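Q: To start, I am sharing the structure in question, which I have written as structure tokens.
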There are 2 protein chains.
Amino acid sequence: MAFSRKQHTDRSYDEELADLRAKLLTLGGKVESEIAESVRALAERDTKLAEAVLGADREVNRLELEIDEKCRRLLVLRQPAASDLRFITTAMKIVVDLERIGDLAVNIAERAIDLNQSPPLRPLHDLTKLCELCQKQLRGALDSFVDADADKAEAVIKDDELVDALYHNLFNELLALMMEDSKNIRRANSLLFVAKHLERLADHATNVAEMVIFMVRGTDVRHPHSRDEV
Amino acid sequence: MAFSRKQHTDRSYDEELADLRAKLLTLGGKVESEIAESVRALAERDTKLAEAVLGADREVNRLELEIDEKCRRLLVLRQPAASDLRFITTAMKIVVDLERIGDLAVNIAERAIDLNQSPPLRPLHDLTKLCELCQKQLRGALDSFVDADADKAEAVIKDDELVDALYHNLFNELLALMMEDSKNIRRANSLLFVAKHLERLADHATNVAEMVIFMVRGTDVRHPHSRDEV
């Protein structure tokens with residue numbers, strides 16, 4: 001790019017960038033396991049686990065601030081060249097998505113605590129499956145970022161269709177349960193929100209993937225909008 | 001801050017910052033009116049208006065990219081001092097929230113197109129009221145950003161309670177309608193998602209306000225998480 005000034009080849013700079021990558025992966029791993037635990041707390045009716053997720057969110061917020069600060073320091077102290085600049089500013093945006101995913105885990109954990117007080121409405125295999133698919137999407141998106149691999153990012157965007165299809169099925173089943181018996185409405189509705197949270201998690205992964213493609217190729221592939229499927 | 005190097009007082013730099021502020025307000029105004037129109041399309045059963053919202057989202061995405069690019073150029077060409085650096089990096093994050101609000105408007109418009117094909121379930125005064133409150137929150141958050149006014153930002157965070165209370169009432173009413181008659185379930189559920197989209201819009205406004213306080217005061221007031229109220 002025309003405005004890159006200086007190539008940084010010094011070791012400490014590379015180390016700082018590597019550290020930024022590592023911290024982002026740590027944060028990504030944390031929110032991924034929070035999501036998994038919140039859904040497990042629901043599927044296995046484990047309220048203690050759900051409460052642990054509520055507590056763990058503090059660490060996510062701490063990491064978010066640390067990464068933010070690191071990015072700002074790199075920007076001001078290092079005057080990064082164009083491609084690093086793109087990497088660092090993308091990191092700052094990705095952190096927002098990761099932190100929001102942490103919030104979604106908290107939301108799911110809160111639902112779990114509430115739902116675990118009533119008898120189970122139905123088995124939750126498909127919710128667990130949806131969760132696994134969403135985690136895979138998140139992992140793929142973060143991998144594509146640290147590897148600066150636009151092809152990987154494209155695969156994530158493509159697989160969002162699978163998430164949407166699974167969410168759609170689950171949604172219709174829950175709606176049918178509501179119609180079957182009004183006693184199901186409150187619980188089915190809560191499960192529906194959990195499913196919606198997972199679908200939003202996948203949307204965040206898609207957003208990250210789109211940013212990665214933009215970062216790598218410099219062209220805009222961001223979708224005109226994420227469609228609301230139900 | 002210790003790492004600020006240089007005060008920029010040259011006119012063109014100030015102009016560029018002013019231009020960044022103006023562009024952000026333009027984008028904020030656009031997503032605010034998209035939200036208003038999508039809810040009006042629903043309340044007044046105006047499918048043409050809903051379709052116009054779907055089309056207008058392209059302009060939001062264009063502006064988002066333009067602001068992003070502007071921020072990157074400012075970072076690389078101007079090596080901004082600490083407070084400006086904070087302003088520019090906050091702008092890059094706020095743009096993400098604004099773009100997501102644009103997505104919410106699209107989601108609501110899609111629901112409106114769908115719901116307008118069935119007879120109305122109930123009057124939508126409270127949905128319109130919720131929308132107005134959310135718009136006020138968004139406007140307040142953006143004002144607090146351009147004025148770098150942490151007190152204004154605090155007021156936005158405080159008023160999020162009003163949004164939550166209104167959303168909660170609406171949620172309970174819609175759930176009651178579902179329980180009353182299973183024929184209401186599908187439409188009430190769609191309206192419930194619209195209400196949820198508006199509540200998320202207010203969450204985005206709260207996020208922006210939290211970032212502003214961080215930008216101005218340099219201390220973290222970001223909530224541990226945005227609670228999911230229903």
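Q: Angle check, please: helix B:47-78 long axis (alpha carbons) against the longest principal axis of chain B (alpha carbons), in degrees 0 to 90, nearest 10.
A: 20 degrees
Q: If you don't mind, another one. Nm distances between the label at B:Thr128 and the same-position labels in the remaining copies, 7 Å along Cα→Cβ, shortest first?
A: 4.8
Q: Evaluate the distance, in nm, between pseudo-label points positioned 7 Å from the Cα of B:Arg45 and of B:Lys129 along their respective Cα→Cβ axes.
A: The answer from the label model is 2.3 nm.
Q: Provide the three semi-axes, in whole Å and in decreasing order, of the ellipsoid equivalent to the protein assembly as shown as defined by the square roots of 5 times the Cα gyration tensor eigenvalues. Numbers along the way, then the final one.
A: Values: eigenvalues 275, 127, 78 Å².
Over the Cα atoms of the protein assembly as shown, the ellipsoid semi-axes are 37, 25, 20 Å.
Q: Using only protein heavy atoms and a 1.4 Å probe, how much accessible area in total is buried between B and A, to the nearest 100 Å²?
A: Working: alone 11830 and 11840 Å², together 18410 Å².
Approximately 5300 Å² gets buried when B meets A.
Q: Helix-derived [θ] at 222 nm for chain B: sum -39500 (n - 2.57) over DSSP H runs of at least 4, divide by residue count, nearest 500?
A: On the way: 6 runs with 185 residues, N = 230.
That comes out to -29000 deg cm²/dmol.
Q: In percent, what relative contact order does the stretch A:20-130 have, based on Cα pairs under 8 Å that are 6 or more apart in sequence? All intermediate terms of the calculation are to be shown ahead of the outcome.
A: On the way: 103 pairs, mean separation 49.6, N = 111.
Contact order relative to length: 45 percent.
Q: Using only Cα atoms and rounding to the nearest 10 degrees, what angle (0 to 90) does helix A:11-43 make with the longest principal axis of chain A?
A: 0 degrees
Q: Let me ask something else. When ranked by the protection proxy of mean other Cβ atoms within 10 Å per residue, highest first, what sequence do the peptides B:19-30, A:172-183 form?
A: Working: B:19-30: 17.3, A:172-183: 15.7.
Taking the mean over residues of other Cβ atoms within 10 Å, the ranking is B:19-30, A:172-183.
Q: With an 8 Å cut-off on Cα pairs and a minimum separation of 6 or more residues, tell me the relative contact order of the stretch A:11-217 in percent. Don't skip to the answer; put the middle values down first.
A: Numbers: 247 pairs, mean separation 55.1, N = 207.
Across the stretch A:11-217, relative contact order equals 27 percent.
Q: Hey, another quick one. Beta carbons within 10 angstrom, averaged per residue: use that to sort the peptides A:121-130, B:184-193, B:68-77, highest first. Kindly include the intermediate steps, with their values, before the conclusion.
A: Details: A:121-130: 15.8, B:184-193: 20.3, B:68-77: 18.5.
Top of the packing list down: B:184-193, B:68-77, A:121-130.
Q: If the viscosity is 1.306 mPa s and the temperature 10 °C, what translational diffusion coefficient in µm²/s does Stokes-Einstein give for the stretch B:11-217 when Rh comes from Kirkwood over Cα pairs? Each step should come with its number before you reach the end.
A: Details: Rh = 17.8 Å.
Estimated via Stokes-Einstein, D reaches 89 µm²/s.
Q: Considering only protein heavy atoms and a probe of 1.4 Å, how much of the accessible area of the protein assembly as shown is carbon and sulfur, as a whole percent?
A: C and S atoms contribute 50 percent here.
Q: Accessible area per residue, 1.4 Å probe, Å², for chain A: what's the number?
A: Values: 9210 Å² over 230 residues.
Value for chain A: 40 Å² per residue.
Q: Can you bin the stretch B:96-157 into rounded, prolate or oblate? Criterion: square roots of the alpha carbon gyration tensor eigenvalues sorted a ≥ b ≥ c, rounded for a/c under 1.5, prolate for a/b above b/c, oblate for the rest. Before the final figure, lay out each step's value.
A: Values: a/c = 5.39, a/b = 2.09, b/c = 2.58.
Since a/c reaches 1.5 but b/c is at least a/b, the shape of the stretch B:96-157 is classed as oblate.
Q: Could you size up the charge dipole of the stretch A:11-217 around its Cα centre, putting +1 on the beta carbon of Lys and Arg and -1 on that of Asp and Glu, and report it in debye to the nearest 20?
A: Numbers: 29 positive and 39 negative charges, 61 e Å.
Rounded to the nearest 20 debye, it is 300 debye.
Q: Okay, moving on. Using only atoms on other chains, find how many Cβ atoms lie within 10 Å of each Cβ of peptide A:195-205 and report the average.
A: Details: counts 0, 2, 1, 0, 0, 1, 0, 0, 2, 1, 0.
If you average over the peptide's residues, the count of other-chain Cβ atoms is 1.
Q: Okay, moving on. Give me the dipole magnitude in Debye, nearest 20, for the protein assembly as shown about the Cα centre, with unit charges on the beta carbon: positive for Lys and Arg, negative for Asp and Glu.
A: With Lys and Arg at +1 and Asp and Glu at -1, about 580 debye.
Q: Once you put a point 7 Å from the Cα of B:Ala22 and another 7 Å from the Cα of B:Ser118, both along the Cβ direction, what distance in nm separates them?
A: 4.7 nm
Q: Where the label is 7 Å out from Cα toward Cβ, how close does B:Asp181 come to the same position in every other copy, in nm, shortest first?
A: List, nearest first: 2.4 nm.
Q: Okay, moving on. May I ask for the angle, rounded to the nearest 10°, between helix A:82-115 and the longest principal axis of chain A, with both axes built from Cα atoms and the value confined to 0 to 90°?
A: Roughly 20 degrees between the two axes.
Q: Then there is this: Given the stretch A:140-203 reduced to its alpha-carbon atoms as identical point scatterers, what log10 I(q)/I(0) does the Debye formula return at q = 0.13 Å⁻¹?
A: For the stretch A:140-203 at q = 0.13 Å⁻¹, log10 I(q)/I(0) is -0.47.
Q: So, one more: Where does each of A:98-105, B:80-87 land if you order them by average Cβ count within 10 Å, highest first? Don't jump to the answer; show the numbers that get you there.
A: On the way: A:98-105: 25.0, B:80-87: 19.0.
So the peptides A:98-105, B:80-87, ranked by packing, come out A:98-105, B:80-87.
Q: Checking buried surface per residue: for the stretch B:62-76, which residues lose a minimum of 20 Å² accessible area in the protein assembly relative to the chain alone (1.4 Å probe)?
A: Correct list: B:Glu64, B:Leu65, B:Asp68, B:Glu69, B:Arg72, B:Arg73, B:Leu75, B:Val76.
Q: With θ set to phi - 60° and the Karplus curve 6.51 cos²θ - 1.76 cosθ + 1.60, what are the ³J(HN,Hα) couplings of the stretch A:146-154 in order, to the nearest whole Hz, using x for Gly and Pro?
A: 5, 8, 6, 10, 5, 5, 4, 4, 5
Q: About the Cα centre of the stretch A:74-159, what is the dipole size in debye to 20, counting +1 per Lys and Arg Cβ and -1 per Asp and Glu Cβ, all else neutral? All intermediate terms of the calculation are to be shown ahead of the outcome.
A: Working: 11 positive and 14 negative charges, 12 e Å.
It works out to roughly 60 debye.
Q: In addition: What gaps in nm, shortest first, separate A:Ala165 from its twins in the other copies when you place the label 7 Å past Cα toward the beta carbon?
A: 4.7
Q: To continue, here is another question. Three principal axis extents, largest first, for the C-alpha atoms of the stretch B:1-113, in Å?
A: Taking the Cα atoms of the stretch B:1-113, the three principal extents are 56, 24, 17 Å.
The values are calculated or read from the model by the stated rules, or taken from the named source; none is laboratory data. Source: prediction; values computed, not measured. No Cβ is skipped: glycine too gets one built from the backbone with ideal geometry, and neighbour counts run over all protein chains shown. Remember, those area values only see protein heavy atoms, side chains included, never the ligands or the DNA or RNA. Shrake-Rupley method; radii C 1.70, N 1.55, O 1.52, S 1.80 Å.
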